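Q: Let me begin by handing over the structure; questions about it come next.
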């Protein structure tokens with residue numbers, strides 16, 4: 001059975017760290033708080049520095065099919081779950097926990113594997129605002145996971 005009660009997220013993948021930083025800054029300017037944001041990408045010094053600047057100290061995870069990643073934010077714990085989902089199932093296999101279809105998870109996984117930076121916003125009331133910002137700043141395949149009334 002698919003869990004979708006772990007929170008509602010809006011997710012997009014930026015092509016690189018520079019675009020991700022622009023997008024994160026714009027999300028904050030729109031009033032979305034840092035605690036609602038998640039950044040996840042393949043481990044690098046540059047991405048670690050971005051996460052540190054924008055959200056605080058990143059954690060390092062070993063994600064199935066992606067390898068080592070750095071990440072911070074509420075999406076990480078939602079995807080991990082009790083069964084260590086990211087480690088066991090990977091990004092693609094766990095995105096259904098937060099309301100995305102399997103094909104969305106595979107797209108987010110493929111874009112992140114190519115060096116993209118996944119940015120997620122945990123804010124159902126502001127989902128449309130977050131989606132607009134992600135699209136405006138190059139957040140590829142930006143989408144809103146299922147939310148109350150849509151499931």
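Q: I'm trying to understand the selection: among the residues of segment 96-125, which are modelled with pLDDT under 90, under 17 Å from residue 73 (Cα atoms) and part of a helix (DSSP H, G or I)?
A: Passing the criteria: 97, 98, 124.
Q: Something else: From the list 143, 92, 71, which one is buried (at least 17 other Cβ atoms within 10 Å of the Cβ), farther than 14 Å from residue 27 by Cβ, in contact with a strand residue (DSSP E or B) (Cβ under 8 Å, 6 or more places away or on another chain) and at pLDDT below 95?
A: Numbers: 92 fails: in contact with a strand residue (DSSP E or B) (Cβ under 8 Å, 6 or more places away or on another chain); 71 fails: at pLDDT below 95.
After ruling out the rest, the residue left standing is 143.
Q: Would you confirm, using the coordinates I've provided, whether residue 51 is touching a helix residue (DSSP H, G or I) at 6+ places or on another chain (Cβ under 7 Å) and either surrounded by 15 or more Cβ atoms within 10 Å (Cβ to Cβ) or closer than 17 Å to residue 16 by Cβ (or both)?
A: No; evaluated as a whole, the condition is false for this residue.
Q: Between a first residue in segment 25-50 that is more than 16 Å from residue 14 (Cα to Cα) and a second residue that is surrounded by fewer than 17 Cβ atoms within 10 Å (Cβ to Cβ), which pairs have beta carbons less than 6 Å apart while being 6 or more apart in sequence or on different chains?
A: If the second residue must be surrounded by fewer than 17 Cβ atoms within 10 Å (Cβ to Cβ), the pairs left are 30/129.
Q: For segment 55-77, check the following and say yes or no: at least one residue is assigned to a helix (DSSP H, G or I), under 15 Å from residue 133 (Cα atoms), within 11 Å of the chain's Cα centre (by Cα) and in contact (Cβ under 8 Å) with a residue 12 or more places away in the chain.
A: Scanning segment 55-77, I find no residue that is assigned to a helix (DSSP H, G or I), under 15 Å from residue 133 (Cα atoms), within 11 Å of the chain's Cα centre (by Cα) and in contact (Cβ under 8 Å) with a residue 12 or more places away in the chain, so the answer is no.
The values are calculated or read from the model by the stated rules, or taken from the named source; none is laboratory data. These numbers come from a predicted model, not from an experiment. Cβ coordinates were reconstructed from backbone atoms using ideal geometry, including for glycine residues, and neighbour counts include every protein chain displayed.
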